[in-house]
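Working notes, structure below.
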Amino acid sequence: MHFTLGFSPCPNDTFIFDALVNQKIDTEGITFDVHLEDVQTLNEWAKSNQLNISKISYGVLPIVQNNYTLLSSGGALGKGVGPLLISKKSVSDLAEIDNMKIAVPGLNTTAHLLFSMAFPNAKKKQFLVFNEIEAAVLSGAVDAGVIIHENRFTYQDKGLIKLIDLGAFWEEKLDCPIPLGGIIMQNTFDQPTQNKIEQLIKKSVEYAFENYPLITEYVRCHAQEMSEVVMRQHIDLYVNNYSIDLGVEGRKAVTTLLNIYQKNYTS
């Protein structure tokens, strides 16, 4: 069988899928046509039902559930992993953020959902690709930005400061892990096929952990100019036991997010 598969070039995703797509594990005759794109592009593709299997932001999951099923393996979920709101200067009162121009990494991203929970009255939002946000803040094009991925490890080096940890806001309010990104599969495939893909992704993550802290060439070649230290920070932050299997706690966190979306972001 052959499937289309999409995930990001970020180290956590290439770390997870390396063994699967490069057949370092037995894929039992299954092959993949791989598409590496930023998560907002993958979100948009999921909304139009383009790929068989894809990484998405959990923020888009409520919109694509008619066409896709969430798999238990391969995602990013945890504590202390949420997006940060950063700026060039501090604010004396967080209420000031409501009137600031804020860069956000995509309309249907989990980052946008968390920012909207914390600042429901903030309306001056500009949606950018995640790796453009630091530059927008530094140039003054926006007053602040919501950062994810490797930018969490580099913003201080550029003289930027944290206004609020949106992940900590979620954890304190809801007392559960933060669902950042998940793996979905078109629900036109039968349950045994979905289960097979889920198990192969699980084996791929387990293989990666067994060989860690090795940074493979596949991870390195897609990490652009990122240092190996930052690659490992990225993997350590976003890949964990929930990436192997969501489990009961992980599923509960996803259900919590879906309930919040249903309550606050649908008419």
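The values are calculated or read from the model by the stated rules, or taken from the named source; none is laboratory data. Every value quoted in this text rests on a predicted model; they were computed, and no experiment measured them. Methodologically, a virtual Cβ is constructed for each residue, glycine included, from the backbone with ideal geometry; neighbour enumeration extends over all protein chains shown.
Here are a few things to note about the model shown:
- Between 219, 248, 229, 239, the distinction of being under 16 Å from the mean Cα position of the chain (by Cα) and of a type in the set (A, V, I, L, M, F, W, C) belongs to 239 only.
- First in segment 137-152 and modelled with pLDDT under 95, second anywhere and in a helix (DSSP H, G or I) and of a type in the set (Gly, Ala, Ser), Cβ under 8 Å, 6 or more apart: 148/111
- Some residue of segment 170-187 being without any contact (Cβ under 8 Å) to a residue 40 or more places away in the chain and polar (S, T, N, Q): no
- Residue among 99, 66, 121 that alone is over 18 Å from the mean Cα position of the chain (by Cα) and in the same structural domain as residue 246 (by TED's automatic domain parsing): 66
- Residue that is at pLDDT below 95, exposed (fewer than 13 other Cβ atoms within 10 Å of the Cβ) and within 27 Å of residue 45 (Cβ to Cβ), where the choices are 266, 188: 266
- Applying the criterion of at least 3 residues that are touching a residue at least 24 places away in the same chain (Cβ under 8 Å), of a type in the set (A, V, I, L, M) and in contact with an Asp or Glu (Cβ under 9 Å, 6 or more places away or on another chain) to the strands (runs of 3 or more DSSP E) found wholly in segment 14-89 leaves 84-87.
- Test result for residue 239, in contact with a helix residue (DSSP H, G or I) (Cβ under 8 Å, 6 or more places away or on another chain) and crowded, with 22+ Cβ neighbours inside 10 Å: yes
- Looking across 114, 71, one residue alone is modelled with pLDDT of 95 or more, closer than 30 Å to residue 249 by Cα and either crowded, with 18+ Cβ neighbours inside 10 Å or not assigned by TED's automatic domain parsing to the domain that holds residue 251 (or both). It is 71.
- Subset tally (residues that are part of a loop (DSSP other than H, G, I, E, B), over 21 Å from residue 38 (Cα atoms) and of a type in the set (Ser, Thr, Tyr)) for segment 90-142: 2
- On inspection, residue 98 passes the criterion of being surrounded by fewer than 17 Cβ atoms within 10 Å (Cβ to Cβ), within 26 Å of residue 172 (Cα to Cα) and out of contact with any strand residue (DSSP E or B) (no Cβ under 9 Å at 6 or more places or on another chain).
- Unmet requirement for residue 178, which otherwise passes all of (1) in contact with a Ser or Thr (Cβ under 7 Å, 6 or more places away or on another chain); (2) closer than 30 Å to residue 97 by Cβ: (1)
- Residue within segment 254-263 that is within 16 Å of the chain's Cα centre (by Cα), at pLDDT 95 or above and crowded, with 16+ Cβ neighbours inside 10 Å present: yes
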